[in-house]
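Engineer: Before anything else, here's the structure in question.
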Amino acid sequence: MPRRQWSQQVTENSDALDLEDHIFTLDDPAEIARSLKRSAEHSHRRKGTPFQSAMSMLTFYINRAGDNLPDRQRKVLETAKDELRKAFGT
């Protein structure tokens, strides 16, 4: 079995959120934000507020993907941050 990246394990098994499958591959920033919001509000394992947990997981994914994240998807995910702020009213 190939060695898995620790960041992939964090994304899949994090105590912060129970994420929907393939959430970070969607093309719609608003849908990404809605999904993260749902996950954050329903998770009983998060450590911070729902907003903090959702934004933290999104930022974590963007940062860990680094140069491997295509520019188009990076733009979608960066826009999802704004959508997440709107969704939480911050």
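Engineer: Please get the size of the charge dipole for the range 45-90, origin at its Cα centre, with Cβ charges of +1 on Lys and Arg and -1 on Asp and Glu, quoted in debye to the nearest 20.
Structural biologist: Values: 10 positive and 5 negative charges, 49 e Å.
Dipole of the range 45-90, to the nearest 20 debye: 240 debye.
Engineer: A further question follows. Based on the Kirkwood radius over alpha-carbon pairs, what value in µm²/s does the Stokes-Einstein equation return for the translational diffusion coefficient of the range 6-88 at 10 °C and 1.306 mPa s?
Structural biologist: On the way: Rh = 12.5 Å.
Diffusion coefficient, whole number: 127 µm²/s.
Engineer: Explain nothing, just compute: Karplus ³J(HN,Hα) = 6.51 cos²θ - 1.76 cosθ + 1.60, θ = phi - 60°, for every residue of the range 64-81 in order, whole Hz, x for Gly and Pro.
Structural biologist: Rounded to whole hertz, the list is 6, 5, x, 5, 7, 8, x, 3, 4, 6, 4, 5, 4, 5, 5, 5, 4, 4.
Rule-based calculations on the coordinates, nothing more; no lab input. No experiment lies behind these values; they were computed from the predicted model shown. Neighbour counts run over all protein chains shown; Cβ positions are idealised from the backbone, glycine included.
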